[in-house]
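Please read the structure below before turning to the comments.
The values are calculated or read from the model by the stated rules, or taken from the named source; none is laboratory data. The structure displayed is predicted, hence computed values, not measured ones. Quick reminder, even Gly has a Cβ in these numbers, built from the backbone with ideal geometry, and neighbours come from all protein chains shown.
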Amino acid sequence: MDFFLNIYNSSEMASKFLLASLFGSMLFFSVIIAPSVFKVLDEKNARAFLRLVFPKLYLWGIFFSLFIIFFILQSSLINQIIAIIILVGFVFSRQVLTIKINDISDKMKTDKSLIKKFNYLHNTSVAIFLVQLVLLIFLFFSV
């Protein structure tokens, strides 16, 4: 019986470590890296840098989310669903939103009427990111 308790505790510790690591890396990127880029680099290079980094950030989130899901399999169904929602947010942001945002950003150079659409997609990606942060906090305290 002690063996199974140790496995459960190890699983709980691993999930908390992964949740905290993902939350910390997301917070660091959004509070430190993203704002600093536009202060240090000109607009062209800042955009190029962010286009390179964002897909990797989302891939990082996908990777961590998959491990989190694995480690919380013994947790409640609601926790598992929340972890899957976090994962889906990263996949959607990487595979759909980022591509559309970049495409519209390129087209905005010649068609200023796309600014509203760009802002909508960008704000959607920010909202998903913020919801993921809140869900990570919830999971951390409920696992």
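Look through 34, 14 and report the one residue that is modelled with pLDDT under 95, assigned to a helix (DSSP H, G or I) and either within 23 Å of residue 119 (Cα to Cα) or touching a Lys or Arg at 6+ places or on another chain (Cβ under 7 Å) (or both).
Details: 14 fails: either within 23 Å of residue 119 (Cα to Cα) or touching a Lys or Arg at 6+ places or on another chain (Cβ under 7 Å) (or both).
So the residue among 34, 14 that is modelled with pLDDT under 95, assigned to a helix (DSSP H, G or I) and either within 23 Å of residue 119 (Cα to Cα) or touching a Lys or Arg at 6+ places or on another chain (Cβ under 7 Å) (or both) is 34.
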Looking only at segment 37-58, and only at residues there that are part of a helix (DSSP H, G or I) and of a type in the set (A, V, I, L, M), the one that is nearest to residue 83 (Cα to Cα): 57
Considering residues of segment 91-121 that are of a type in the set (S, T, N, Q) and modelled with pLDDT under 95 only, the residue surrounded by the most Cβ atoms within 10 Å (Cβ to Cβ): 105
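Can you say whether residue 69 is of a type in the set (Val, Ile, Thr), without any contact (Cβ under 8 Å) to a residue 60 or more places away in the chain and either under 20 Å from residue 96 (Cα atoms) or out of contact with any Leu (no Cβ under 9 Å at 6 or more places or on another chain) (or both), as far as the supplied structure shows? Quick ask: steps written out before the conclusion?
Values: of a type in the set (Val, Ile, Thr): yes; without any contact (Cβ under 8 Å) to a residue 60 or more places away in the chain: yes; either under 20 Å from residue 96 (Cα atoms) or out of contact with any Leu (no Cβ under 9 Å at 6 or more places or on another chain) (or both): no.
For residue 69, the condition - of a type in the set (Val, Ile, Thr), without any contact (Cβ under 8 Å) to a residue 60 or more places away in the chain and either under 20 Å from residue 96 (Cα atoms) or out of contact with any Leu (no Cβ under 9 Å at 6 or more places or on another chain) (or both) - is not met.
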Count of segment 53-76 residues which are among the aliphatic types (A, V, I, L, M) and either under 19 Å from residue 137 (Cβ atoms) or at pLDDT below 95 (or both): 5
Hits in segment 59-73 - residues which are of a type in the set (A, V, I, L, M) and part of a helix (DSSP H, G or I): 59, 62, 66, 68, 69
